[in-house]
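Note sheet for the following structure.
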2 protein chains.
Amino acid sequence: MSADLTFRQPIEDDHARVLAALGPWWGGLKGEAGAKERALLVPRLYFQHFTPTSRLAERPDGTLAAFLIGFVSQTDPDTAYIHFVGVDPQLHGQGIGRSLYEWFFGQARESGVRKVKCVTSPQNAASRAYHARLGFEVSEVLPDYDGPGLDRVAFTRSLAAERA
Amino acid sequence: MSADLTFRQPIEDDHARVLAALGPWWGGLKGEAGAKERALLVPRLYFQHFTPTSRLAERPDGTLAAFLIGFVSQTDPDTAYIHFVGVDPQLHGQGIGRSLYEWFFGQARESGVRKVKCVTSPQNAASRAYHARLGFEVSEVLPDYDGPGLDRVAFTRSLAAERA
């Protein structure tokens, strides 16, 4: 992995920078509607209220390289959830995403969490393969999971093995 | 307040019912794009991971009357956040919304929370007045708060007075 990245807990002021990165990193997918959809998936509240289990990577010049947003379930303290992860496409293949996930697994495990969940859209085959490589079990396609027309694939990763 | 409502903690299966209610309750505001926007504001994760501080009201026939979705901040345990509240317009003016907020204040206070936050869109004058009546302090309009073009007004309510 690129050795010159700095990893830290995000702060509220990082919200606008992360949103600004989503467009280019997702290749402007679905134009203005896509940008609004991504903004609605990452409201400011995540940068206000879920920072202890979130992480951001920056280059030496301060530009954003990657981020992960997650939280511990308040319904089931055995479970943590990764809401959104992004890595600058120019830095793909260097293990930066994996290091963010593994950091999250470690934080979660310290809090007594035993499994980590997340979802992606069924069209995102790369994300499905990526999560499988990280040890996640992949569900079938779940129709209308997040609402009408918002199908999802769900992932679950046990943290139990490493705790033994 | 209508005496025949049942209040309970939501479960994951309530997600689709709440989404289905948002359209009629918001008068189909902004058509299909508005429906998708509302769905993106209330993903299933809230019904999986933030149920202890969320609440749902049903009529005797099981139809949905109102709901509140909130959580305690994981960055600042002094703070709780109310993400989304809806009351069937046919039941407005009966104090159902107020009872949901007051239930949340009580839950939050028991968890050691000292202030409650939430946001609304600046166009929603009724919501601004409503929150002021509930004891929230109202901010100025915060441009691009949740992203480009997503202006918000922020509310903060102290729980300190009632704790003295």
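The values are calculated or read from the model by the stated rules, or taken from the named source; none is laboratory data. No experiment lies behind these values; they were computed from the predicted model shown. Don't worry about glycine lacking a Cβ; one is built from the backbone with ideal geometry, like all the others, and counts go over all protein chains shown.
Is it the case that A:GLY23 is surrounded by 14 or more Cβ atoms within 10 Å (Cβ to Cβ), of a type in the set (Gly, Ala, Ser), within 14 Å of chain B (Cβ to nearest Cβ) and within 14 Å of the chain's Cα centre (by Cα)? Step through it out loud before you land on a result.
On the way: surrounded by 14 or more Cβ atoms within 10 Å (Cβ to Cβ): yes; of a type in the set (Gly, Ala, Ser): yes; within 14 Å of chain B (Cβ to nearest Cβ): yes; within 14 Å of the chain's Cα centre (by Cα): no.
When the stated conditions are applied, A:GLY23 does not pass them.
Residue-level check: of (1) farther than 22 Å from B:LEU19 by Cα; (2) surrounded by fewer than 16 Cβ atoms within 10 Å (Cβ to Cβ), B:HIS131 misses just (2). If you scan the range B:117-137, which residues turn out to be part of a loop (DSSP other than H, G, I, E, B) and modelled with pLDDT of 95 or more? Within the range B:117-137, B:LEU134, B:GLY135, B:PHE136 meet the criteria. Taking the range A:61-78 as the region of interest, how many residues are surrounded by fewer than 19 Cβ atoms within 10 Å (Cβ to Cβ) and among the β-branched types (Val, Ile, Thr)? Counting residues in the range A:61-78 that are surrounded by fewer than 19 Cβ atoms within 10 Å (Cβ to Cβ) and among the β-branched types (Val, Ile, Thr) gives 1. Looking only at residues of the range A:90-102 that are within 15 Å of the chain's Cα centre (by Cα) and surrounded by 17 or more Cβ atoms within 10 Å (Cβ to Cβ), we find that the one that is farthest from the other protein chains (Cβ to nearest Cβ) is A:ILE96. Taking the conditions (1) within 30 Å of B:ARG114 (Cβ to Cβ); (2) at the interface with chain A (Cβ under 10 Å from one of its Cβ atoms) in turn, B:LEU68 satisfies each one other than (2). Identify, please: which residue in the range A:140-161 is in contact with a Leu (Cβ under 7 Å, 6 or more places away or on another chain) and part of a loop (DSSP other than H, G, I, E, B) and is, among those, nearest to the other protein chains (Cβ to nearest Cβ)? The residue in question is A:GLY147.
Quick one: is B:VAL87 under 23 Å from B:TRP25 (Cβ atoms) and within 14 Å of chain A (Cβ to nearest Cβ)? So B:VAL87 fails the test.
For the range A:28-44, the criterion of being in contact with a Pro (Cβ under 9 Å, 6 or more places away or on another chain), at negative phi, of a type outside the set (S, T, N, Q) and more than 9 Å from chain B (Cβ to nearest Cβ) is met by no residue.
Hey, does the range B:67-80 have a residue that's touching a Phe, Trp or Tyr at 6+ places or on another chain (Cβ under 6 Å), within 21 Å of B:GLY135 (Cβ to Cβ) and aromatic (Phe, Trp, Tyr)? Taking every residue of the range B:67-80 in turn, at least one turns out to be touching a Phe, Trp or Tyr at 6+ places or on another chain (Cβ under 6 Å), within 21 Å of B:GLY135 (Cβ to Cβ) and aromatic (Phe, Trp, Tyr). From the list B:THR6, B:THR53, which one is surrounded by fewer than 16 Cβ atoms within 10 Å (Cβ to Cβ) and polar (S, T, N, Q)? The match here is B:THR6.
For the range A:114-137, residues that are over 21 Å from A:LEU56 (Cβ atoms) and either acidic (Asp, Glu) or within 14 Å of chain B (Cβ to nearest Cβ) (or both) total 5.
Which residues, taken from the range B:26-45, are out of contact with any Gly (no Cβ under 9 Å at 6 or more places or on another chain) and surrounded by 14 or more Cβ atoms within 10 Å (Cβ to Cβ)? I'd like the intermediate steps shown before the answer.
Quick first cut of the range B:26-45, residues out of contact with any Gly (no Cβ under 9 Å at 6 or more places or on another chain) only: B:27, B:30-33, B:37, B:41, B:45.
Of everything in the range B:26-45, those that are out of contact with any Gly (no Cβ under 9 Å at 6 or more places or on another chain) and surrounded by 14 or more Cβ atoms within 10 Å (Cβ to Cβ) turn out to be B:GLU37, B:LEU41, B:LEU45.
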